[in-house]
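Since the structure comes first, as structure tokens, the remarks are kept for the end.
The values are calculated or read from the model by the stated rules, or taken from the named source; none is laboratory data. This structure is a prediction, so every number in the text was calculated from the model and none was measured. Here Cβ is always computed from backbone atoms with ideal geometry, including for glycine, and neighbour counts include all displayed protein chains. When the accessible area is computed, the model is the full protein with side chains, heavy atoms only, and any ligands, DNA or RNA have been set aside. Shrake-Rupley method; radii C 1.70, N 1.55, O 1.52, S 1.80 Å.
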Amino acid sequence: KPALQCSGSHLPPVGKKPPFKISDFTECPCALPDDTPMVGETWADIDPRNESQVRLLFSQMTKRSMPCYNSPKFQMEGPSGRKYNFLDYIGTQMLARDIDRFREAIGANHMSV
């Protein structure tokens, strides 16, 4: 089953000395590439006024996106044999659509969540 969290994280080899890179801890295709600034859901460890830092962040995020999207763990096959990507069907827009369909199914004009 698809899962957003990567598995197989590990400690660097015994004897390896800092500085460490992200790839020292995982082979996950969705992991950030080495030398990517730290990021969270709503922040990035960059100066947004510094064009080169902003460009580096966008470049690194782009490097990560396609290998993650194409990862076998997100590829699914329907009963008819049609292929789907799990990542195309998650997120805020899909949740809003699902809630609206539920609202319609129960015959409600409005719905509060």
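Each residue of segment 4-11 was assigned a 3J(HN,Hα) from its phi angle through the Karplus expression (A = 6.51, B = -1.76, C = 1.60, θ = phi - 60°), giving 6, 6, 6, 10, x, 5, 8, 7 Hz with x at Gly and Pro. Taking the centroid of alpha carbons for each part, segment 13-35 and segment 56-88 are 22 Å apart. Using θ = phi - 60° in the Karplus curve 6.51 cos²θ - 1.76 cosθ + 1.60, the 3J(HN,Hα) couplings for segment 40-45 round to x, 5, 10, 8, 9, 7 Hz; x is entered for Gly and Pro. Bridging of Lys21 to aspartates and glutamates at a Cα separation below 20 Å is possible for Asp34, Asp35, Asp45, once same-chain residues fewer than 8 apart are set aside. Working from Cα pairs under 8 Å separated by at least six residues, relative contact order for the chain is 19 percent.
Compute the label zone of Ile90 within segment 60-76: residues whose backbone N is under 19 Å from the point 7 Å along Cα-to-Cβ. In segment 60-76, the label zone of Ile90 (backbone N under 19 Å from the point 7 Å along Cα→Cβ) covers 61-76.
The computed Kirkwood radius over Cα pairs in Å for the structure shown corresponds, within [x] 17.6; [y] 24.7; [z] 16.6, to [x].
Computed with a 1.4 Å probe over protein heavy atoms only, the accessible surface of the chain comes to 81 Å² per residue. State the percentage of accessible surface on the chain attributable to carbon and sulfur atoms; use a 1.4 Å probe and exclude ligands, DNA and RNA. Heavy-atom surface of the chain belonging to carbon and sulfur, 1.4 Å probe: 57 percent.
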